[in-house]
Amino acid sequence: AKHVISENDRTQAAKGALESGDFKGFGSLMNGSHASMRDDYEVSCEEIDFLVSEAQAFAGVYGSRLTGGGFGGCTVTLVQKDQAEALISHLKEAYNAKYGKDCDCFVTTPSRGAGVLFVKE
C-alpha cells in the first residue's frame, strides 16, 4: 500500500509542477516514482533499472521511470528536446554493451490525453 499512497501524492504534486512549468520538480517526482516502484512495489527489473539509471545521469534529463505494468517493458524519460537524440544514442549503446541486445527508443510528444469523442452515425 505504501507505493499506491505515495504515488497518489506524487501524481497530485506532478499536476502542479506541470501547470507551473516546473520540469525539474516534475522530473524529481518521476525519479521518486521509479524508486517506489522498484523498492516498495517491487515491479521493476534489472534492465529497466539500468535504463532509468543511465537516463537519470544523462545531461538534460529531468527524470525517468518505469512505465506500464511493471516487470520489464518500458521507461519514460523527460529530457530537454535538444538532448533527446543524444540520449537515445547513449541508451542504445550502453544497453547493448551491458546486455548484448538492442533496445528500441523513440521520441513522443505529450498530448491532452483521453477525452470524449463524439461519433456521428
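So the values come out like this:
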quantity	calculated
Boolean, GLY63 is within 12 Å of the chain's Cα centre (by Cα), assigned to a helix (DSSP H, G or I) and either small (Gly, Ala, Ser) or within 20 Å of VAL4 (Cα to Cα) (or both)	no
Matching residues, the range 17-29, being surrounded by fewer than 18 Cβ atoms within 10 Å (Cβ to Cβ), without any contact (Cβ under 8 Å) to a residue 40 or more places away in the chain and assigned to a helix (DSSP H, G or I)	LEU18, GLU19, LYS24, GLY25, SER28
Filter result for GLU42 (more than 20 Å from LEU18 (Cβ to Cβ), of a type in the set (D, E, K, R), touching a residue at least 12 places away in the same chain (Cβ under 8 Å) and open to solvent by 20 Å² or more (accessible area, probe 1.4 Å))	no
Residue in the range 49-67 that is surrounded by the fewest Cβ atoms within 10 Å (Cβ to Cβ), counting only those that are without any contact (Cβ under 8 Å) to a residue 40 or more places away in the chain and among the aromatic types (Phe, Trp, Tyr)	PHE58
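For every residue, the table says whether it meets (1) part of a helix (DSSP H, G or I); (2) open to solvent by 60 Å² or more (accessible area, probe 1.4 Å).
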{"site": "ILE5", "(1), (2)": "yes, yes"}
{"site": "LYS15", "(1), (2)": "yes, yes"}
{"site": "ASN31", "(1), (2)": "yes, no"}
{"site": "ALA35", "(1), (2)": "yes, no"}
{"site": "GLU47", "(1), (2)": "yes, yes"}
{"site": "GLY69", "(1), (2)": "no, yes"}
{"site": "GLN83", "(1), (2)": "yes, no"}
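The values are calculated or read from the model by the stated rules, or taken from the named source; none is laboratory data. Remember, predicted model here, so these are calculated numbers, not experimental data. Please note: Cβ atoms are built from the backbone with ideal geometry, for glycine as well, and neighbour counts cover all protein chains shown. To get the accessible areas, we keep the full protein, side chains included, count just its heavy atoms, and leave off ligands, DNA and RNA. Shrake-Rupley method; radii C 1.70, N 1.55, O 1.52, S 1.80 Å.
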